[in-house]
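Asker: I have a structure here, written as structure tokens, and I will follow up with some questions on it.
The values are calculated or read from the model by the stated rules, or taken from the named source; none is laboratory data. Values in this document were obtained by computation on a predicted structure and should not be read as measured data. Please note: Cβ atoms are built from the backbone with ideal geometry, for glycine as well, and neighbour counts cover all protein chains shown. Quick note on the areas: whole protein, heavy atoms, side chains included, nothing else; ligands and nucleic acids left out. Shrake-Rupley method; radii C 1.70, N 1.55, O 1.52, S 1.80 Å.
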Amino acid sequence: MIEMLKNGLPDILDGLPLFPKQASTVAGTVDTLYLVWVALSVIVTVGIFSVILFLAIRYRRRHAAEVGAGELHAPAIEIVSMTIPFVIAMAMFAWGTAVYVELREPPKDAVEYFAFGKQWMWKYQHPNGRRQINDFTIPADTPIKMTMTSEDVIHSFFIPDFRVKQDVLPGRYTTVWFEATEPGEYRMLCAEYCGSEHSLMGGIVTVLERDEYEAWLQSDDTGTLPVSSGEQLFTSLSCSTCHQAGSESRGPSLHGLFGTDVQIATVGDVTADENYIRESILEPRAKVRSGYMPLMPTFKGQVSEEELHDLVAYIKTLNRVTRTADTDGETSLVSSGG
């Protein structure tokens with residue numbers, strides 16, 4: 001048995017790589033930062049224990065009557081011993097911050113995809129409306145921004161080969177981005193314990209060349225564009241009854257809303273981003289716009305997370321606003337979205 005284990009050990013180790021494959025544009029940067037931190041930690045740890053061991057042996061008490069010398073005060077040594085670790089720590093902090101910002105800020109040309117976590121599955125939506133469950137197909141060499149939310153408890157979106165991980169929270173949207181560099185299949189996991197079948201909540205991310213991905217995407221034309229679905233919901237829920245352009249509307253106009261600062265009666269200015277729009281649909285009295293009465297009913301329980309996403313996607317298109325002059329010479333807002 002022992003001989004068999006010895007002979008089989010190299011084969012076992014060959015199948016257990018030290019690190020996952022580097023399959024994204026940020027994987028190498030993350031690994032380099034991690035390895036430098038590990039190397040510094042090892043050097044400092046070995047250095048400290050070596051000095052302790054040397055001093056313990058060199059200045060050990062040899063006789064029962066032996067008395068140590070008086071304490072020597074050395075300001076220069078104290079200053080150097082504090083300055084060097086401070087400089088190293090600040091340099092690593094600055095480097096880590098730069099990597100964090102790179103991981104958090106998607107490129108302007110990133111393509112937006114959506115993910116919905118639910119016990120115990122991942123649901124994905126492509127820009128053209130095509131949907132997948134657990135398995136996720138994406139193009140290579142394309143920056144991808146994932147906008148995610150949970151339908152129940154906290155989940156965590158984790159692709160080890162891409163070095164990206166982001167908590168997915170109920171009641172709000174979180175984002176993460178990555179750019180896959182090599183076609184292939186990669187494991188995707190939930191990295192937050194979310195219930196009895198947490199270990200089963202995962203799937204495969206399939207990376208295709210761009211032309212192959214486009215062909216795969218067009219092979220199923222049953223999906224509905226989120227904006228189109230959102231527009232239908234906007235009409236069926238009678239949202240346009242109150243949210244019209246003009247001073248006589250019972251609710252504020254949504255044209256040109258997304259990305260702007262709005263005045264809230266209780267907290268002042270807030271940015272009208274995806275989370276603000278989502279909260280306004282489900283908890284309309286949480287942040288009431290100044291100058292308006294809290295008349296809007298809640299739609300909690302009436303729309304699903306996917307429908308919420310479609311509504312938000314449609315409202316975001318109303319951000320494309322042009323100004324026209326009416327017959328009386330006054331300026332009015334006309335949306336080019338929808």
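Asker: Sort through Glu231, Glu151, Glu192, Glu182 and tell me the only one that's buried (at least 16 other Cβ atoms within 10 Å of the Cβ) and either of a type in the set (Phe, Trp, Tyr) or closer than 22 Å to Val30 by Cβ (or both).
Answerer: Every option except Glu192 fails the conditions.
Asker: Provide a single number: the residues in the stretch 154-178 that are open to solvent by 30 Å² or more (accessible area, probe 1.4 Å), β-branched (Val, Ile, Thr) and more than 21 Å from Tyr314 (Cβ to Cβ).
Answerer: 1
Asker: If you don't mind, another one. Looking for something at pLDDT below 85, out of contact with any helix residue (DSSP H, G or I) (no Cβ under 8 Å at 6 or more places or on another chain), surrounded by fewer than 17 Cβ atoms within 10 Å (Cβ to Cβ) and not in a helix (DSSP H, G or I) - is there at least one such residue anywhere in the stretch 309-320?
Answerer: Yes, the stretch 309-320 has at least one match.
Asker: Quick one: which of Glu212, Glu274 is acidic (Asp, Glu) and within 22 Å of the chain's Cα centre (by Cα)?
Answerer: Step by step, each of Glu212, Glu274 is checked, and only Glu274 is acidic (Asp, Glu) and within 22 Å of the chain's Cα centre (by Cα).
Asker: With respect to Glu197, determine if the residue is open to solvent by 50 Å² or more (accessible area, probe 1.4 Å) and under 24 Å from Lys118 (Cβ atoms).
Answerer: In short, yes.
Asker: Moving on to the next point. Give just the number: which of (1) surrounded by fewer than 17 Cβ atoms within 10 Å (Cβ to Cβ); (2) under 30 Å from Ser280 (Cβ atoms); (3) at pLDDT 90 or above does Ile144 not satisfy?
Answerer: In the conditions (1) surrounded by fewer than 17 Cβ atoms within 10 Å (Cβ to Cβ); (2) under 30 Å from Ser280 (Cβ atoms); (3) at pLDDT 90 or above, Ile144 misses (1) alone.
Asker: Under the condition of being under 24 Å from Ala191 (Cβ atoms) and of a type in the set (Asp, Glu), which residue from the stretch 85-120 is most open to solvent (accessible area, probe 1.4 Å)?
Answerer: That would be Glu105.
Asker: Another question about this same structure. Return the residue satisfying two criteria in turn: it lies in the stretch 292-319 and is over 28 Å from the mean Cα position of the chain (by Cα) and without any contact (Cβ under 8 Å) to a residue 24 or more places away in the chain, and of such residues it is farthest from Lys118 (Cα to Cα).
Answerer: The selected residue is Pro294.
Asker: So, in the stretch 56-79, exactly how many residues are open to solvent by less than 80 Å² (accessible area, probe 1.4 Å) and either closer than 22 Å to Val36 by Cβ or in a helix (DSSP H, G or I) (or both)?
Answerer: Final tally of qualifying residues: 3.
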